[in-house]
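This report concerns only the one structure given below.
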Amino acid sequence: MTDRNVTLSRTVKIQGLVQATTLHLKGLVYHGGYHFTCRIIDESGNIWFHDGITTGKISIKEGKFGSVSQPNLKVCQNKQLCHVIYGHKP
């Protein structure tokens, strides 16, 4: 993520040669202070925060996708969004 003005979308549609594929937002990676953290979006739309240093093996539920405003998804605990991960829905 190099453009801070980008709008995050829950889905992205990619047109292939034969058909379009819809990818769903699965994760957000943040960086700051020489450390990475992440948010994971599960199949139910729950947002989970994980930081191996502070939460260890546990992820903390932050709420449902849509309940956290878009600007808040670009920053997480003073770290800036650096990667967005999309994938197929099972």
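A few points about this structure:
- Any hit, region 67-82, residues being open to solvent by 60 Å² or more (accessible area, probe 1.4 Å), in a loop (DSSP other than H, G, I, E, B) and within 21 Å of H31 (Cβ to Cβ): yes
- Search result, residues across region 8-26 that are of a type in the set (G, A, S) and closer than 20 Å to E43 by Cβ: S9
- Unique match (being on the phi < 0 side of the Ramachandran plot, open to solvent by 70 Å² or more (accessible area, probe 1.4 Å), of a type in the set (D, E, K, R) and in a loop (DSSP other than H, G, I, E, B)) among K61, K57: K57
- Unique match (being outside any strand (DSSP E or B), aliphatic (A, V, I, L, M) and open to solvent by 70 Å² or more (accessible area, probe 1.4 Å)) among L17, L8: L17
- Looking across region 37-63, the residues that are touching a residue at least 24 places away in the same chain (Cβ under 8 Å) and over 15 Å from L73 (Cα atoms) come down to E43, D51.
- Hits in region 20-35 (condition: surrounded by 15 or more Cβ atoms within 10 Å (Cβ to Cβ) and either touching a residue at least 60 places away in the same chain (Cβ under 8 Å) or assigned to a loop (DSSP other than H, G, I, E, B) (or both)): L23, H24, L25, K26
- Residue selected from region 43-53 under the condition open to solvent by 30 Å² or more (accessible area, probe 1.4 Å) and farther than 17 Å from Q80 by Cβ, by the criterion nearest to the chain's Cα centre (by Cα): W48
- Residue check, I40 open to solvent by 30 Å² or more (accessible area, probe 1.4 Å) and in contact with a Gly (Cβ under 7 Å, 6 or more places away or on another chain): yes
- Looking only at region 66-90, and only at residues there that are within 12 Å of R10 (Cα to Cα) and within 10 Å of the chain's Cα centre (by Cα), the one that is modelled with the lowest pLDDT: L73
The values are calculated or read from the model by the stated rules, or taken from the named source; none is laboratory data. The shown structure was predicted, so the numbers you read here are calculated from the model rather than taken from an experiment. All Cβ positions, glycine included, derive from the backbone under ideal geometry; neighbour counts span all protein chains shown. When the accessible area is computed, the model is the full protein with side chains, heavy atoms only, and any ligands, DNA or RNA have been set aside. Shrake-Rupley method; radii C 1.70, N 1.55, O 1.52, S 1.80 Å.
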